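J.: I have a structure here, written as structure tokens, and I will follow up with some questions on it.
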Amino acid sequence: MEVMLFHVLMVCTGNICRSTMAQQVLTEVAKAEGVALLVDSAGTSDEEHGNPIYPPAARVLREFGHDIPDHRARRVRGLELSDWDLVLAMTGGHVRTLERLAAQSGVEVVRNPLIGAADVTDIRLFREFDPAVSGDEDVPDPWYGGHEDYVETLETIERVTPHLLDAIRGRLSADVVGGASTR
């Protein structure tokens, strides 16, 4: 049986903190649980282009037992949005930017499709999968804060990731039953 590889793109502003941390955590958890994923990250801005993960973000990942990704920041391109089964934005502002990029590139975004539905550009908030969300669905931005802000961001990512992975697993199971394939 062919293993389907599900493609997930994490997006924040500069691609050196939140999206990179979320990429690393999801990659590690999926690997540990035997779920075939390709996870990448990008930013809505190119101001950090080529930079590695921000040192305070790397420090918190290391402190919590995660590997530090070999990462270079990049800006998301509108046309690439259709290449991903699921695009997860860290804030509502990122969702709006991604939707504008998609529209400018002629990529149709469908609101609230079945997660990762084939041939659909699926852009969602990362915290849509957070059982503890109440009110603000943005992943906290640690950029202007201290160490405790990076810890809070990582704790949010770690709390959401198992629920996100369950949703992806459900989609992959539906594809196997229905005979569909991911990109």
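The values are calculated or read from the model by the stated rules, or taken from the named source; none is laboratory data. Because the structure is a prediction, the values reported are computed rather than measured. Because the Cβ atoms are built from the backbone with ideal geometry, glycine has one as well, and the counts that use them run over all protein chains shown.
J.: Of all residues in region 7-58, count the ones that are without any contact (Cβ under 8 Å) to a residue 12 or more places away in the chain and surrounded by fewer than 19 Cβ atoms within 10 Å (Cβ to Cβ).
T.: So in region 7-58, the residues without any contact (Cβ under 8 Å) to a residue 12 or more places away in the chain come out as 31-32, 34, 55, 58.
This time we only want the ones that are surrounded by fewer than 19 Cβ atoms within 10 Å (Cβ to Cβ), so: 31-32, 34, 55.
Qualifying residue count for the region: 4.
J.: Let me ask you something else. Condition test on residue 154, is it under 24 Å from residue 25 (Cα atoms), out of contact with any Pro (no Cβ under 6 Å at 6 or more places or on another chain) and either part of a helix (DSSP H, G or I) or modelled with pLDDT under 95 (or both)?
T.: When the stated conditions are applied, residue 154 passes them.
J.: Restricting to region 65-78, count the residues that are within 18 Å of residue 90 (Cβ to Cβ) and of a type in the set (A, V, I, L, M, F, W, C).
T.: 2
J.: Determine, yes or no, whether residue 75 is under 16 Å from the mean Cα position of the chain (by Cα), surrounded by fewer than 17 Cβ atoms within 10 Å (Cβ to Cβ) and in contact (Cβ under 8 Å) with a residue 12 or more places away in the chain.
T.: Against the criterion (under 16 Å from the mean Cα position of the chain (by Cα), surrounded by fewer than 17 Cβ atoms within 10 Å (Cβ to Cβ) and in contact (Cβ under 8 Å) with a residue 12 or more places away in the chain), residue 75 qualifies.
J.: Kindly indicate whether any position in region 99-117 is within 17 Å of the chain's Cα centre (by Cα), modelled with pLDDT of 95 or more and within 24 Å of residue 171 (Cα to Cα).
T.: There is at least one residue in region 99-117 that is within 17 Å of the chain's Cα centre (by Cα), modelled with pLDDT of 95 or more and within 24 Å of residue 171 (Cα to Cα).
J.: Right, here's the next one. Hey, residue 68 hits all of (1) assigned to a loop (DSSP other than H, G, I, E, B); (2) at pLDDT 95 or above; (3) under 24 Å from residue 115 (Cβ atoms) but one; which does it fall short on?
T.: Among (1) assigned to a loop (DSSP other than H, G, I, E, B); (2) at pLDDT 95 or above; (3) under 24 Å from residue 115 (Cβ atoms), residue 68 violates only (3).
J.: Tell me yes or no: at least one residue of region 158-179 is at pLDDT 95 or above, touching a Pro at 6+ places or on another chain (Cβ under 7 Å), surrounded by 20 or more Cβ atoms within 10 Å (Cβ to Cβ) and more than 21 Å from residue 82 (Cα to Cα).
T.: No, region 158-179 contains no residue that is at pLDDT 95 or above, touching a Pro at 6+ places or on another chain (Cβ under 7 Å), surrounded by 20 or more Cβ atoms within 10 Å (Cβ to Cβ) and more than 21 Å from residue 82 (Cα to Cα).
J.: With the requirement that a residue be small (Gly, Ala, Ser), out of contact with any strand residue (DSSP E or B) (no Cβ under 7 Å at 6 or more places or on another chain) and not in a loop (DSSP other than H, G, I, E, B), what does region 97-127 give you?
T.: 103, the sole residue that qualifies.
J.: In addition: Do the conditions hold for residue 125, that is, is it surrounded by 15 or more Cβ atoms within 10 Å (Cβ to Cβ), in contact (Cβ under 8 Å) with a residue 12 or more places away in the chain, of a type in the set (A, V, I, L, M, F, W, C) and farther than 23 Å from residue 151 by Cβ?
T.: So residue 125 does not fit the description; no.
J.: Which members of region 82-93 meet the condition of being touching a residue at least 60 places away in the same chain (Cβ under 8 Å) and farther than 18 Å from residue 168 by Cβ?
T.: 91
J.: How many residues does region 78-99 contain that are aliphatic (A, V, I, L, M), surrounded by fewer than 19 Cβ atoms within 10 Å (Cβ to Cβ) and closer than 28 Å to residue 148 by Cα?
T.: 0
J.: Okay, moving on. Only one residue in 83, 122, 136 is of a type in the set (Asp, Glu) and touching a helix residue (DSSP H, G or I) at 6+ places or on another chain (Cβ under 9 Å), so which one is that?
T.: It is 136.
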